[in-house]
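The structure appears below as structure tokens.
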Amino acid sequence: MNIFADFTARIIKAVEALDLKDKDGVSPDLSRIAVEPPRDASHGDLATNAAMVLAKPTGQNPRALAERLAQALRDDKDVAATEVAGPGFVNLRLKDGFWQTHLIALLGEGRNYGRSTVGAGRKTNVEYVSANPTGPMHVGHCRGAVVGDALANLMAFAGYDVTKEYIINDAGGQIDVLGRSVILRYREALGDEIGEIPPGLYPGDYLVPLGQALAKEFGRSLLQMPEDEALAIVKDRAIDAMMAMIRDDLALLNVHHDVFFSERTLHADNARKIRLAINDLTLKGHIYKGKLPPPKGEKPDDWEDREQTLFRSTAVGDDMDRALVKSDGSFTYFAADVAYLKDKVDRGFVDLIYVLGADHGGYVKRLEALARAIAGDEVKLTVLLCNLVKLFRDGEPVRMGKRAGNFITAREVIEEVGRDAVRFMMLFRKGDAPLDFDFAKVTEQSKDNPVFYVQYASARCHSVFRQASEQLGEANFDRNSLASAAALLTDEGEIGLIRKLAEYPRLIESAALALEPHRLAFYLYDLASSFHGHWNRGTDNPDLRFVKVNDRQLTHARLGLVQAVSDVLTSGLTLIGAAAPTEMR
């Protein structure tokens, strides 16, 4: 159903018939031939670069070769006209019958239209959010959650075998800080005077209920235990409570992971998994004993000039080698990263995707190097960085949240503007670009609010069917009946809508391959714009309206087009994680 792949195959066949040879008398490489929509729709329906990529290796003039190819393509049963443009592009204009037939096929596919096998079942792990279990999700986590979740949905639709994963960072110093912060709230719940929250501890009120629950469960007994024993109990309770809160926040955002991986499991049994992972790298020649130079700039007070166990990551693309063992014999954070990445590889994943905040930019090269060291070329690792989200209210910056105190929580944003607005708008910029999120603009009902504009198109599709049912006296409209009338669609606006719908399968494949889910949001906005534009033409010209009571067959044809638009809007919004409403309230 991908017309661009279809015509690429047709053009390659036409090129092969030209019997082109390179200077060595060998048939040229045809893999760079591409078929795309022309930048200017007035130039035609499709454009190919075939003549330009083949001219040099075959010693041909690109425009002359384009003329030969254009002549050959005129014999194609679905091609109405060909034209050579610019330095050697060949533009194709297709017959109305091709588009009508494509609509029939689209209606047969329904919401599976655009589903692809380009992923070829590749086992893919998408890790995203992975917020430390020390508090509620903030708005920065929210963007990563949406990008990761939409990407995972998109890749699954494109034929990848996708696992959505969240690593719970439940080991390390931040968990100790969490435990001590909770003990303070526990004492507060017991009636002790705690004063101001000391610097370095978590001050948010979200820990108050946990302190109260501990007071109810343990009374004052925790204060009578050895500190390390009490802290261990509190940390376990705190992690469970924080993850329950984070899961609730994710569910509110319509994000549901397949796997929640505990970092603690890497440290269990005397850090067995970490030791095995380091042993594996040692056997592959990537581990050595040596000294690291101090970081550039001022030497930190805690820097030690000592021999360490090091990962020779510079040999596999990193900027510097990485320490794996601390001076006290414990493992570094990066050692846990080694074990975690190896665990993913051992689970059979060949595509590893990490969605991280922009402040993790320093992790990119070390993770890429680690993947090369562990799995060579057998695994592809990609790190996607999500840039900052700046919140505004009527153009004024919003900096403080009510619940966490020092930041805006994801829940606060979702509850104010709705899940759909958050998910769509978090994708209406490329992930690595800064995003300005204005509470007022994402809730206004206008074309300037992309999520409203797209969802209004979905609701308008359903409104057309309700109107048609009322005026024609038909309770239901069978897809086959609608498709059978497709040949009656000849208006340029109708053909233009089908042409726009035909871009969807290519969009799915290209966005999945490029790991760019924002392309889906852009496409849906463009499709909605085309649909609203055609609706407005019917407002000005009654002959173009979708429902014509005196012409039931033409109405069925146009309802088939509306159904197809509705199918693609619903499909795309579902992948984004937003609803496709049947009416706007």
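So the values come out like this:
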quantity	calculated
Residue within region 546-561 that is among the hydrophobic types (A, V, I, L, M, F, W, C) and farther than 23 Å from A502 by Cα present	yes
Residue within region 96-112 that is in a loop (DSSP other than H, G, I, E, B) and either modelled with pLDDT of 95 or more or out of contact with any helix residue (DSSP H, G or I) (no Cβ under 9 Å at 6 or more places or on another chain) (or both) present	no
Residues satisfying the stated conditions in region 516-530, i.e. surrounded by 23 or more Cβ atoms within 10 Å (Cβ to Cβ) and over 12 Å from V451 (Cα atoms)	P517, L520
Per-region count, region 97-122, residues surrounded by 15 or more Cβ atoms within 10 Å (Cβ to Cβ) and over 21 Å from R479 (Cβ atoms)	4
Meets criteria (modelled with pLDDT of 95 or more, over 22 Å from Y166 (Cβ atoms) and out of contact with any strand residue (DSSP E or B) (no Cβ under 8 Å at 6 or more places or on another chain)) for K284	yes
Members of region 73-82 that are outside any helix (DSSP H, G or I) and either surrounded by 15 or more Cβ atoms within 10 Å (Cβ to Cβ) or in contact with a Pro (Cβ under 9 Å, 6 or more places away or on another chain) (or both)	D76, D78, V79, A80, T82
Members of region 453-467 that are surrounded by 15 or more Cβ atoms within 10 Å (Cβ to Cβ) and either in contact with a helix residue (DSSP H, G or I) (Cβ under 6 Å, 6 or more places away or on another chain) or without any contact (Cβ under 8 Å) to a residue 24 or more places away in the chain (or both)	Y453, V454, A457, S458, C461, V464
R143 vs. criteria within 17 Å of the chain's Cα centre (by Cα), in a helix (DSSP H, G or I) and at pLDDT 95 or above	yes
D359 being touching a residue at least 40 places away in the same chain (Cβ under 8 Å), under 30 Å from K430 (Cβ atoms) and outside any strand (DSSP E or B)	no
Flag if T570 is closer than 22 Å to Y160 by Cα and surrounded by fewer than 22 Cβ atoms within 10 Å (Cβ to Cβ)	yes
Residues of region 28-55 classified as small (G, A, S) and surrounded by fewer than 13 Cβ atoms within 10 Å (Cβ to Cβ), total	3
Sole exception among (1) of a type in the set (A, V, I, L, M, F, W, C); (2) farther than 30 Å from V162 by Cβ; (3) buried (at least 16 other Cβ atoms within 10 Å of the Cβ) for A487, by number	(3)
Exclusive hit being modelled with pLDDT of 95 or more and over 30 Å from G317 (Cβ atoms), set A375, A459	A459
Residue check, L214 in contact with a helix residue (DSSP H, G or I) (Cβ under 6 Å, 6 or more places away or on another chain) and either hydroxyl-bearing (S, T, Y) or more than 30 Å from D346 (Cα to Cα) (or both)	yes
Qualifying residue in region 322-334 (condition: in contact (Cβ under 8 Å) with a residue 24 or more places away in the chain, farther than 17 Å from E263 by Cα and in a helix (DSSP H, G or I))	no
Matching residues in region 178-206 - criterion: being at pLDDT below 95 and among the aliphatic types (A, V, I, L, M)	I194, I197, L201
Matching residues, region 466-485, being assigned to a helix (DSSP H, G or I) and either closer than 19 Å to D45 by Cα or not aliphatic (A, V, I, L, M) (or both)	R466, Q467, S469, E470, Q471, R479, N480, S481, S484
Positions within region 97-111 being under 17 Å from D491 (Cα atoms) and touching a residue at least 60 places away in the same chain (Cβ under 8 Å), in sequence order	G97, W99, Q100, T101, H102, L103, I104
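The values are calculated or read from the model by the stated rules, or taken from the named source; none is laboratory data. Computed from a predicted model, the values in this text were never measured in an experiment. With ideal geometry, Cβ positions are generated from the backbone for all residues, glycine too; neighbour counts draw on all protein chains shown.
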